[in-house]
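Okay, so here's the structure we're looking at.
The values are calculated or read from the model by the stated rules, or taken from the named source; none is laboratory data. Keep in mind that this is a model prediction, so the values were computed, not measured. All Cβ positions, glycine included, derive from the backbone under ideal geometry; neighbour counts span all protein chains shown. With ligands, DNA and RNA removed, areas are computed over all heavy atoms of the protein, side chains included. Shrake-Rupley method; radii C 1.70, N 1.55, O 1.52, S 1.80 Å.
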Amino acid sequence: MAELILEAQDVEFEYPDGTKALKGVSLSIEKGKKIAILGSNGAGKSTLFLHFNGILRPKRGMVRFAGQDVRYNHSSLMELRKKVGIVFQDPDSQLFSASVLQEISFGPLNLGLTEEQVLQRVQQAMAATGITELQDKPTHALSYGQKKRVSIADILAMEPMVIICDEPTAWLDPKHTIQVMELLNGISRQGTTVILSTHDVDIAYSWADYIFVMSDGRVVGEGIPERVFQDEGLLRQADLAQPWLVEIYHEFKQQGWLAKGVPVPRTKGELLELLKRDTPGQALVVSG
Ligand SMILES: Nc1ncnc2c1ncn2[C@@H]1O[C@H](COP(=O)(O)OP(=O)(O)OP(=O)(O)O)[C@@H](O)[C@H]1O
Ligand SMILES: [Mg+2]
């Protein structure tokens, strides 16, 4: 059986004002996978993430890391947070140092590494996120998208086993969205488990190995992207749109441009290959 890195079992959580944000969440995340968590505003994604490194503690239920129940004493939490890094949804709640360089150095300096090792990690993290030229800037003077990339570099430099990114591409321009997703792919290829939340169904569809869908404090569906996004009842329940690739695939099949039984493509390139194969030599005439 696949090795599980994070598990939640019947997790319930209530904020001090009485908001029941998680109403019995159970899920299992396999080590090394690319996981997307989808769900509309207020579904409970960020609240769940804060349980994964012990910032929040369940009112009921259990969180496990690498098969062990999370313990909430200071030293266990410090250990857990070295292994599970969270890039917060709002970079302003994560960044606090004067300059970008100081900000990214802070975590690794506290890991007991040599100065040289720290510098090497920081430089790597800055290069990977494309912020090397911002290193001397004060963090408060950065644009939102720049802050977002600094907050990712912050966690990268810690080299955790699991990287959790809460809406990593929100507010990023198209070029930096692609850059961040490629970066997360690269991190995943090195064996790190990557978990993200997003409202971008196209990104989730093409990027993730496995998807969990949340609605109103619960996990209401899960599966590989092809399955999740063909479950129209689930999409309606969670207020999710279909990715454009899935929509186009169904339309093209209806038009007879794709053979019956062809699998739904995961990328634009796969769709074009299918079209070339199923309609060889035919020009597609789009009327209207
Ligand atoms: N600090 C807080 N105090 C009280 N209620 C909160 C707090 N943070 C979140 N909530 C509530 O908990 C519920 C879940 O919120 P959460 O931020 O986890 O959702 P989300 O899925 O991350 O949403 P979004 O897509 O908007 O980021 C919401 O009803 C929200 O209003
Ligand atoms: Mg959130």
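Pairs linking a residue in the range 10-25 that is open to solvent by 70 Å² or more (accessible area, probe 1.4 Å) to a residue that is not polar (S, T, N, Q) and not in a strand (DSSP E or B), with Cβ atoms under 7 Å and 6 or more positions apart or on different chains, are Lys20/Gly217. Report, by residue number, each residue of the range 96-106 that is at pLDDT below 90 and either open to solvent by less than 20 Å² (accessible area, probe 1.4 Å) or among the polar types (S, T, N, Q) (or both). Result: Ser97, single match.
Taken together, the residues in the range 164-199 that are within 16 Å of ligand 1 (Cβ to nearest atom) and touching a helix residue (DSSP H, G or I) at 6+ places or on another chain (Cβ under 6 Å) amount to 8. Taken over the range 222-232, residues that are buried (at least 20 other Cβ atoms within 10 Å of the Cβ) and in a helix (DSSP H, G or I) amount to 2. The set of residues in the range 170-182 that are away from ligand 2 (no atom under 13 Å from the Cβ) and either of a type in the set (Lys, Arg) or touching a residue at least 24 places away in the same chain (Cβ under 8 Å) (or both) comprises Trp171, Leu172, Asp173, Lys175, His176, Thr177, Gln179, Val180, Met181. Just so you know, in the range 33-82 the residues that are of a type in the set (Ser, Thr, Tyr) and farther than 30 Å from Gln242 by Cα include one that is farthest from ligand 1 (Cβ to nearest atom), and it is Ser75.
Does any residue of the range 154-163 turn out to be without any contact (Cβ under 8 Å) to a residue 60 or more places away in the chain, touching a helix residue (DSSP H, G or I) at 6+ places or on another chain (Cβ under 7 Å) and within 16 Å of ligand 2 (Cβ to nearest atom)? No, that holds for no residue.
When you look at Ser93, is it within 16 Å of ligand 2 (Cβ to nearest atom) and free of Cβ contacts under 8 Å to residues at least 12 places away in the same chain, yes or no? So Ser93 passes the test.
This table checks each residue for (1) open to solvent by less than 10 Å² (accessible area, probe 1.4 Å); (2) within 16 Å of ligand 2 (Cβ to nearest atom); (3) assigned to a loop (DSSP other than H, G, I, E, B); (4) not small (Gly, Ala, Ser).
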| residue | (1), (2), (3), (4) |
| --- | --- |
| Gly32 | no, no, yes, no |
| Leu56 | no, yes, yes, yes |
| Met62 | no, no, no, yes |
| Arg71 | no, no, yes, yes |
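Taking Gly85 as the residue in question, decide whether it is within 16 Å of ligand 1 (Cβ to nearest atom) and in a strand (DSSP E or B). Spelling it out, it is not the case that Gly85 is within 16 Å of ligand 1 (Cβ to nearest atom) and in a strand (DSSP E or B). Candidates Lys268, Lys276: the one that is under 22 Å from Ser206 (Cα atoms), at pLDDT below 85 and open to solvent by 50 Å² or more (accessible area, probe 1.4 Å) is Lys276. Taking the listed residues Leu196, Leu245, Leu172, Leu235, the one that is in a loop (DSSP other than H, G, I, E, B) and surrounded by 19 or more Cβ atoms within 10 Å (Cβ to Cβ) is Leu172, with no other qualifying. Listed conditions (1) in a helix (DSSP H, G or I); (2) at pLDDT 95 or above; (3) aliphatic (A, V, I, L, M) are all met by Met78, apart from (2). Just one of (1) in the same structural domain as Ile203 (by TED's automatic domain parsing); (2) touching a helix residue (DSSP H, G or I) at 6+ places or on another chain (Cβ under 8 Å) fails for Arg236. It is (2). Here are some residues: Val213, Val219, Val201. Which one is over 10 Å from the mean Cα position of the chain (by Cα) and either open to solvent by 20 Å² or more (accessible area, probe 1.4 Å) or among the basic types (Lys, Arg) (or both)? Exactly one of Val213, Val219, Val201 is over 10 Å from the mean Cα position of the chain (by Cα) and either open to solvent by 20 Å² or more (accessible area, probe 1.4 Å) or among the basic types (Lys, Arg) (or both), namely Val219. For the range 209-220, the count of residues that are hydrophobic (A, V, I, L, M, F, W, C), within 16 Å of ligand 1 (Cβ to nearest atom) and at pLDDT below 95 is zero.
Scanning the range 34-52 for residues that are under 27 Å from Pro108 (Cβ atoms) and either open to solvent by 10 Å² or more (accessible area, probe 1.4 Å) or away from ligand 2 (no atom under 16 Å from the Cβ) (or both) yields a total of 3.
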